[in-house]
Amino acid sequence: MTHKERILAQLAGREIDRVPMVGGWSLGVRNVAALGGMTVDDYLTDPFTHVIAANRRQGMDGMVPPIVPRELSSIRAGSLQEETFNDVEPEALLRYAEDIPDTADEILRTRFDAAAVEAEFREHFTQMTTAMDDIALVPTIWQAPVNFSLYFTYGYIAFLSAVAMYPEAVARIYWEDGILSRARNHLLTRLWREFDLIPLLFCGDDICTNDGPMVQPAFLREAFWPHVADAMEPFLDAGIRYIHHCDGNVLPLVDDMLAAGYSGFQGFQYECGLDIYDLRTRRSLQGEEMLILGGLSVTRTLPFGTPDDVRREVDYCLDATDGGRGLLLFTSNVTGVEVPVENLEAAYRHLAAYDPKVGRTGAKVTVPPALGIGPG
């Protein structure tokens, strides 16, 4: 099977020759160069091209738009420093909400540029599909649903304070964003067909800490999730499944995600109580089995385990998904420079050697107790 055929068969629940593998979230110039079998100097001549080459060498069937390390001193990508928002008050959200037009038509007329949106995503899809060639693009569009993460604009303190002090204003901001997202998503589904992309979308905000949701689930059910469901309806209508990124303890929100149309999950911090065995018992609005994108822990097993630990974690993912049904193996988040290259290689080589037609025993697989992850 080709890479794309393998992913399409997995999404459709048809027979596959092996479980699909997904990459694109590895950091560290030295690590990516090693995964690609090249020197650091060679890698730095064209980091974007060589990130894709490194994933191709690992046998990846699909890739999210890759994070591309470009400097030897780079350790992480993307961070939010609260001190940069010291002068932002919660009233900033109130003022923004008060300036939102009162009707959807007026919002779209004054705040939505369809031509610019189409041009932006046409350029993005062209660049990615051309560069990846035989590797399937796993479209990752964070702005597809409603943008929960207002903390990126206002900081955590101002955002969370506004939720407490001005909940109607925050709800109004989510209402507006839902209108804009729905219009954008109608355009995106047309481009999906034009570029013949796989019927899968990866999206979702960081809504939780390790202790649970950042704001009360009851507020989200009233002010957030209905707008997400409305915004994402064009994807459901087009037969494109969408899966939610899961950092922290998302267990209190899983049912809300499913009600909004999600039919799969990516990420998983096992230390927060997440259990793929449990998630796989859920069903989507259409009655579909859950898709699982991920499974490889970037907080414990990959950075601190041994190759044997990593192989056992792959076995856990296989058993939790009844032999790999609906599984696309991926890292739970971005892997940093602290992750030994041999651990990444061990994970994907172990999966590549697994024949899904043979199947597994059906017994729950335990993972290393010292790492404190997975079912015991």
- Message: I'm told Leu180 meets every condition in (1) touching a helix residue (DSSP H, G or I) at 6+ places or on another chain (Cβ under 6 Å); (2) surrounded by fewer than 21 Cβ atoms within 10 Å (Cβ to Cβ); (3) closer than 26 Å to Asp105 by Cβ except one. Can you identify the failing condition by its number?
- Response: (1)
- Of all residues in region 207-236, count the ones that are over 19 Å from Gly178 (Cβ atoms) and more than 19 Å from the chain's Cα centre (by Cα). 2
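Determine, yes or no, whether Glu83 is within 19 Å of Cys203 (Cβ to Cβ) and not aliphatic (A, V, I, L, M).
The answer is no for Glu83.
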- Which residues, counting only those in region 152-209, are more than 25 Å from Val254 (Cα to Cα) and at pLDDT below 95? none
- Is region 153-171 home to any residue that is within 28 Å of Pro65 (Cα to Cα) and free of Cβ contacts under 8 Å to residues at least 60 places away in the same chain? yes
- Task: Determine which single condition Asp309 fails, assuming it passes every other condition in (1) crowded, with 20+ Cβ neighbours inside 10 Å; (2) in contact with a strand residue (DSSP E or B) (Cβ under 6 Å, 6 or more places away or on another chain).
- Result: (2)
- Task: Please state which of the following conditions Thr84 fails to meet, knowing it meets all the rest: (1) hydroxyl-bearing (Ser, Thr, Tyr); (2) surrounded by 14 or more Cβ atoms within 10 Å (Cβ to Cβ); (3) over 22 Å from Glu338 (Cβ atoms).
- Result: (2)
- Item | Tally of residues being in a helix (DSSP H, G or I), over 20 Å from Asp133 (Cα atoms) and not hydrophobic (A, V, I, L, M, F, W, C) across region 31-51 | 3
- Please list, ordered by first then second residue, the pairs with beta carbon atoms under 8 Å, 6 or more apart or interchain, first in region 40-60 and free of Cβ contacts under 8 Å to residues at least 60 places away in the same chain and more than 13 Å from Val29 (Cα to Cα), second assigned to a helix (DSSP H, G or I) and not aromatic (Phe, Trp, Tyr). Arg57/Leu35
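Take Val19 and decide whether it is surrounded by 18 or more Cβ atoms within 10 Å (Cβ to Cβ), modelled with pLDDT of 95 or more and under 16 Å from Glu345 (Cβ atoms). Give the steps one after another, and end with the answer.
On the way: surrounded by 18 or more Cβ atoms within 10 Å (Cβ to Cβ): yes; modelled with pLDDT of 95 or more: yes; under 16 Å from Glu345 (Cβ atoms): no.
The answer is no for Val19.
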- Task: Give just the number: which of (1) without any contact (Cβ under 8 Å) to a residue 24 or more places away in the chain; (2) of a type in the set (Asp, Glu); (3) in a loop (DSSP other than H, G, I, E, B) does Glu123 not satisfy?
- Result: (3)
- Query: Tell me, which residue of region 322-357 that is aliphatic (A, V, I, L, M) and within 17 Å of Gly267 (Cα to Cα) is modelled with the lowest pLDDT?
  - Reply: Val334
- Query: Hey, Asp134 hits all of (1) under 21 Å from Val228 (Cα atoms); (2) surrounded by fewer than 12 Cβ atoms within 10 Å (Cβ to Cβ) but one; which does it fall short on?
  - Reply: (1)
- Only one of (1) at pLDDT 95 or above; (2) more than 21 Å from Leu8 (Cα to Cα); (3) of a type outside the set (Ser, Thr, Tyr) fails for Asp319. Which number is that? (1)
- Of the residues in region 94-117, those that are of a type in the set (Lys, Arg) and in contact (Cβ under 8 Å) with a residue 24 or more places away in the chain number 1
- Check off (1) exposed (fewer than 13 other Cβ atoms within 10 Å of the Cβ); (2) closer than 26 Å to Arg184 by Cβ; (3) touching a helix residue (DSSP H, G or I) at 6+ places or on another chain (Cβ under 7 Å) for Arg109 and give me the number that stays unchecked. (3)
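Does region 52-67 contain any residue that is of a type outside the set (D, E, K, R), part of a helix (DSSP H, G or I) and under 18 Å from the mean Cα position of the chain (by Cα)? Full working, then the answer.
So in region 52-67, the residues of a type outside the set (D, E, K, R) come out as 52-55, 58-60, 62-67.
Those left that are additionally part of a helix (DSSP H, G or I): 52-55, 58.
Filter once more, so that each one left must be under 18 Å from the mean Cα position of the chain (by Cα): 55.
Yes, region 52-67 contains at least one residue that is of a type outside the set (D, E, K, R), part of a helix (DSSP H, G or I) and under 18 Å from the mean Cα position of the chain (by Cα).
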- Are there any pairs, at least 6 apart or on different chains, whose C-beta atoms fall under 7 Å, with the first in region 5-32 and at positive phi and the second of a type in the set (Val, Ile, Thr) and assigned to a helix (DSSP H, G or I), and if so, which? none
- Message: Can you go through Glu89, Glu83 and tell me which one is acidic (Asp, Glu) and in contact (Cβ under 8 Å) with a residue 12 or more places away in the chain?
- Response: Glu89
- Query: Which of the residues that make up region 282-299 are in a loop (DSSP other than H, G, I, E, B) and of a type in the set (Asp, Glu)?
  - Reply: Glu288
- Message: Can you tell me which residue is nearest to Ala169 (Cα to Cα) among those in region 68-98 that are among the charged types (D, E, K, R), at pLDDT below 95 and in a helix (DSSP H, G or I)?
- Response: Glu82
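The values are calculated or read from the model by the stated rules, or taken from the named source; none is laboratory data. This one's a predicted model, so the numbers in the text were calculated from it and none came from an experiment. Note that we place each Cβ from the backbone using ideal geometry, even for glycine, and neighbour counts take in every protein chain shown.
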